[in-house]
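Comments concern the structure below.
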């Protein structure tokens, strides 16, 4: 089946499936909308962690060991900064630093985030459209046992130690959807909307908090399929499982599916987990969701597209 696919993602797991989708689809059949709620200013630079995770994954530059940043990184800048007593809690490798400097310089010259992202993708040979969810600032904040914290303060500086109580996405209510992202969601030939296996609280929900994006998804006739970030009661990477426990949720794919109720039509759960009890208006599919290799990414991408096409067929029959 042909048609356009829109993927919503952020973080390492989302970036891996986004890469799989780029291998499964022609470049003009895929748009990737990326969370910018993690963005923050550090050392005078605009840091966009989720955008960079996606860009590095699509460009073949991701560090396969750490899971974040660039492969074959060096750390001369950080060592020199530390020697001068500078803030070194957020690690910026030498190659990674070039990304932040280029982005920050262009933003300071008046470019929009989407324009800078398009420039970086072009320079790195990325053919698909990578779109920030908004050119307006949206910032994820976390209410914790230590009070309200900016996301990177919670996530990196305090290493997720404080207990999570709730989240807010400052600026989301008035943020405008990035125009190309909104246009992709409103295409007449939309085949599927895919929610990648990203942290639902801090990678996906900031995107959904942009009113125009959530409304466009709600209006779309295309099937919406989410992929579990939880396997066997654990998050493959990141604090999603810890957050779920602290919010009083089951640490399971089914709990993530319930979180997306009213938005999704289908949910891909890992094949090693039992298919949960049916949920209203959500169809479950099993697949191998652990992505340790490039082949794994492609295989999961095909499984997700098959789930979406199956849902479209069910809808057509109904």
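The numbers here are math on the coordinates, done by the rules we state, and not lab data. This structure is a prediction, so every number in the text was calculated from the model and none was measured. All Cβ positions, glycine included, derive from the backbone under ideal geometry; neighbour counts span all protein chains shown.
Please go through the range 222-254 and give me each residue that is in contact (Cβ under 8 Å) with a residue 60 or more places away in the chain and farther than 17 Å from residue 287 by Cβ, ordered by number.
If the condition is that a residue be in contact (Cβ under 8 Å) with a residue 60 or more places away in the chain and farther than 17 Å from residue 287 by Cβ, then 222, 237, 238, 239, 242, 243, 246, 247 are the ones that fit.
Can you work out which of the residues in the range 186-207 that are in contact with a helix residue (DSSP H, G or I) (Cβ under 6 Å, 6 or more places away or on another chain) and free of Cβ contacts under 8 Å to residues at least 60 places away in the same chain is farthest from residue 255 (Cα to Cα)?
So the residue we want is 186.
Quick one: how many residues across the range 233-277 are in a loop (DSSP other than H, G, I, E, B) and over 19 Å from residue 307 (Cα atoms)?
Residues that pass the stated criteria total 11.
Does residue 261 fit the bill of being more than 29 Å from residue 62 (Cα to Cα) and surrounded by fewer than 15 Cβ atoms within 10 Å (Cβ to Cβ)? Quick ask: steps written out before the conclusion?
Details: more than 29 Å from residue 62 (Cα to Cα): yes; surrounded by fewer than 15 Cβ atoms within 10 Å (Cβ to Cβ): yes.
So residue 261 passes the test.
Give the number of residues within the range 104-142 that are outside any helix (DSSP H, G or I), crowded, with 16+ Cβ neighbours inside 10 Å and more than 21 Å from the chain's Cα centre (by Cα).
Residues meeting the conditions: 1.
Quick one: how many residues across the range 1-12 are within 18 Å of residue 208 (Cα to Cα) and under 8 Å from the mean Cα position of the chain (by Cα)?
Step one: list which residues in the range 1-12 are within 18 Å of residue 208 (Cα to Cα), which gives 5-11.
Then drop every residue that is not under 8 Å from the mean Cα position of the chain (by Cα), which leaves 8-11.
Total meeting the criteria: 4.
Got at least one residue in the range 144-152 being under 18 Å from the mean Cα position of the chain (by Cα), touching a residue at least 24 places away in the same chain (Cβ under 8 Å) and crowded, with 19+ Cβ neighbours inside 10 Å?
Yes, that holds for at least one residue.
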